[in-house]
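Remarks on the structure that follows.
Here, each number is a calculation from the coordinates, and none is a lab measurement. Since we're looking at a predicted model, the values are computed, not measured. Virtual Cβ from ideal backbone geometry, glycine too; neighbours counted across all protein chains shown.
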Amino acid sequence: MWKNVLRLFWVSLIVAMAACAPARVVAPSHEGRDLREYLAARNGISEIETQFAIRFERNDNDMRGDAALTISKNGDMSLRVYSLGFLAMELSSKDGVTKSRPHIDRGRTDLLTRGLRDCLFWWDVDDYAVTDEGTRYVVRNAEREVWLSKKTLLPERQRIWLDDDKELIISYSEPEEKNGVWYQSKIRIELMRYAVTLSVKGMAFKS
């Protein structure tokens, strides 16, 4: 009898845990859709507002916080990073002129300006060629290449070539949807000894 009671207890516990587990978000399939048409449909987005948890890494040190970002297709941006509820950093870029408080070095500036702009506006690639590589498309031009899932047409990886033979490496995962637009909610950007990981909490797209 006690064995049956114990068995029923464990079955009930497993069912309860399964019911409480968050549902896995699955992005819709776009297999067979014209890739160039899909990318062109996103060109109407001119500005993105987003909030995310952020983790800065440099060698063995890291810093965590929460951030609010407004960024335009042309690269103009305003970023605020908070730690323990206090403003820890502000960064803005307007017409190519970047200001930060406190001052940050060139590597971190590139990571937070070019890196954030291109990781979010990943579809903004001019004069590109497309290569079919099994389960992925590779969209490439002279400045960068983007790996897209054939099934979801969402980015999985990106590589951007900067001056002085530097490369930005961006990886994506965990798709989410906002107002009919799908995006990847986990983004990691790497540049030399720097890395930053974003866990997106919300995103709004403006035309």
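A simple charge model with +1 on the Cβ of Lys and Arg, -1 on the Cβ of Asp and Glu and nothing else charged puts the dipole of region 158-207 at about 240 debye relative to its Cα centre.
Couplings 3J(HN,Hα) for region 109-118, derived from phi with the Karplus relation 6.51 cos²θ - 1.76 cosθ + 1.60 (θ = phi - 60°), are 4, 4, 4, 8, 9, 4, x, 5, 4, 6 Hz, where x marks Gly and Pro. Going from the residue with the fewest nearby Cβ atoms within 10 Å to the one with the most, Trp161, Trp122, Trp147 rank Trp161, Trp147, Trp122. Relative to the longest principal axis of the Cα atoms of the chain, the long axis of helix 2-20 lies at roughly 30 degrees. Compared with the rule-of-thumb size 2.2 N^0.38 Å for a compact globular protein, the chain has a Cα radius of gyration ratio of 1.22.
Rounded to the nearest 500, the helix-only mean residue ellipticity at 222 nm of the chain stands at -5500 deg cm²/dmol, with each DSSP H run of n ≥ 4 adding -39,500 (n - 2.57). Of Lys178/Lys206; Lys150/Lys206; Lys99/Lys206; Lys99/Lys186; Lys73/Lys206, which ones are farther than 20 Å apart at the Cα? Over 20 Å apart, Cα to Cα: Lys150/Lys206; Lys99/Lys206; Lys99/Lys186. In plain terms, the residue of Leu162, Leu39 with the fewest other Cβ atoms within 10 Å comes first and the most crowded comes last, giving Leu162, Leu39. Residues whose amide H lies under 5 Å from that of Lys201, counting only those 5 or more places away or on a different chain, are Gln51, Phe52, Ala53; hydrogens are built 1.01 Å from N in the peptide plane.
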